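Written below as structure tokens is the structure these notes are about.
No lab work stands behind these numbers, since they all come straight from the coordinates. Every value quoted in this text rests on a predicted model; they were computed, and no experiment measured them. Positions of Cβ are generated from backbone atoms using ideal geometry, with glycine treated the same way; all protein chains shown enter the neighbour counts.
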Amino acid sequence: MEARARSAAITGERILDAAVEIFYEQPVANLSLEEVARRSAVSVQTVIRRFGGKEGLFAAASERESRRIASHRDQAAVGDVAGALHILLDHYEEVGDGVLRMLAEEHWMPALREIIDGGRGYHRQWCERVFAPALTEREGTERERRLAQLVTVTDIYTWKLLRRDYGLSRDQTELALGELLHPLTGGN
């Protein structure tokens with residue numbers, strides 16, 4: 001019984017791995033249960049039985065991916081701007097292009113919009129935690145404005161502008177973001 005449960009868990013993870021891989025490669029609307037099944041070496045019926053179809057699979061894969069990303073990004077220490085940027089850029093380099101593709105689809109898919117809104121909320125909370133020293137002396141509108149600036153500088157669209165649109169290397173992108181953050185964080 002224990003071996004069967006372990007095997008089922010491994011199969012479920014393979015299915016989620018395949019779904020996440022596809023989410024980052026192509027428009028979410030194109031997600032095909034057949035392709036997920038093929039990549040995870042199971043039948044379509046196994047995918048449906050395990051996740052209840054496309055929406056259930058999408059929700060489970062998104063939830064797991066959100067936890068994975070948060071566990072990596074949450075390693076950034078409060079006040080360590082350079083360390084936080086390095087971790088953030090690791091994340092953007094790994095999945096940034098796929099996230100940008102999903103952002104382009106959010107207006108057509110309510111389920112995707114919920115996930116993206118959750119990601120926006122997480123990013124704001126992450127900035128609030130990591131850049132807390134730059135916010136402690138501020139209150140009200142001044143604090144909200146500074147937090148909005150920190151969120152904007154570290155947003156995936158800022159990464160896209162520097163990295164993809166202007167063609168900066170990862171190192172130059174990290175340096176540019178650090179230079180943008182320096183006056184906002186007091187050099188912390």
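Taking R0 as 25 Å, what FRET efficiency do you get between Leu161 and Glu34 from their Cβ-Cβ distance, rounded to the nearest 0.05?
That pair, Leu161 with Glu34, gives E of 0.10.
Based on the Kirkwood radius over alpha-carbon pairs, what value in µm²/s does the Stokes-Einstein equation return for the translational diffusion coefficient of the chain at 25 °C and 0.890 mPa s?
The calculation lands on 135 µm²/s.
Could I have the simple spin-label model distance between Ala5 and Val44, label points 7 Å from Cα toward Cβ, reported in nm to one decimal?
Label at Ala5, label at Val44, 3.2 nm between them.
May I ask you to evaluate 6.51 cos²θ - 1.76 cosθ + 1.60, the Karplus curve with θ = phi - 60°, for each residue of the range 56-62 and list the ³J(HN,Hα) values in order in whole Hz, giving x for glycine and proline?
Whole-Hz 3J(HN,Hα) from phi for the range 56-62: x, 5, 4, 5, 5, 5, 5.
Which value in deg cm²/dmol, rounded to the nearest 500, describes the helix-derived mean residue ellipticity at 222 nm for the chain, given -39,500 (n - 2.57) per DSSP H run of n ≥ 4 and division by the residue count?
-25000 deg cm²/dmol
Which of Ala18, Gly186, Ala77 sits farthest toward the positive end of the charge dipole of the chain, with +1 on the Cβ of Lys and Arg and -1 on the Cβ of Asp and Glu?
Comparing the listed Cα positions along the dipole, Ala18 ranks first.
For the chain, give the magnitude of the charge dipole about the Cα centre (Cβ charges: +1 Lys/Arg, -1 Asp/Glu; no others), in debye to the nearest 20.
That gives the chain a dipole magnitude of about 520 debye.
Filter the GluC sites (Glu not before Pro) in the range 138-188 down to the DSSP loop ones having no more than 11 other Cβ atoms within 10 Å, then list what survives.
Passing sites in the range 138-188 are Glu139.
Residue by residue, what Karplus-based ³J(HN,Hα) values in Hz, rounded to whole numbers, does the range 170-185 have, using 6.51, -1.76 and 1.60 with θ = phi - 60° and x for Gly and Pro?
4, 4, 5, 5, 4, 5, 4, 5, x, 5, 5, 7, 3, x, 7, 9
Let me check against my output: what whole-number percent is the relative contact order of the chain, with C-alpha pairs under 8 Å and at least 6 apart?
20
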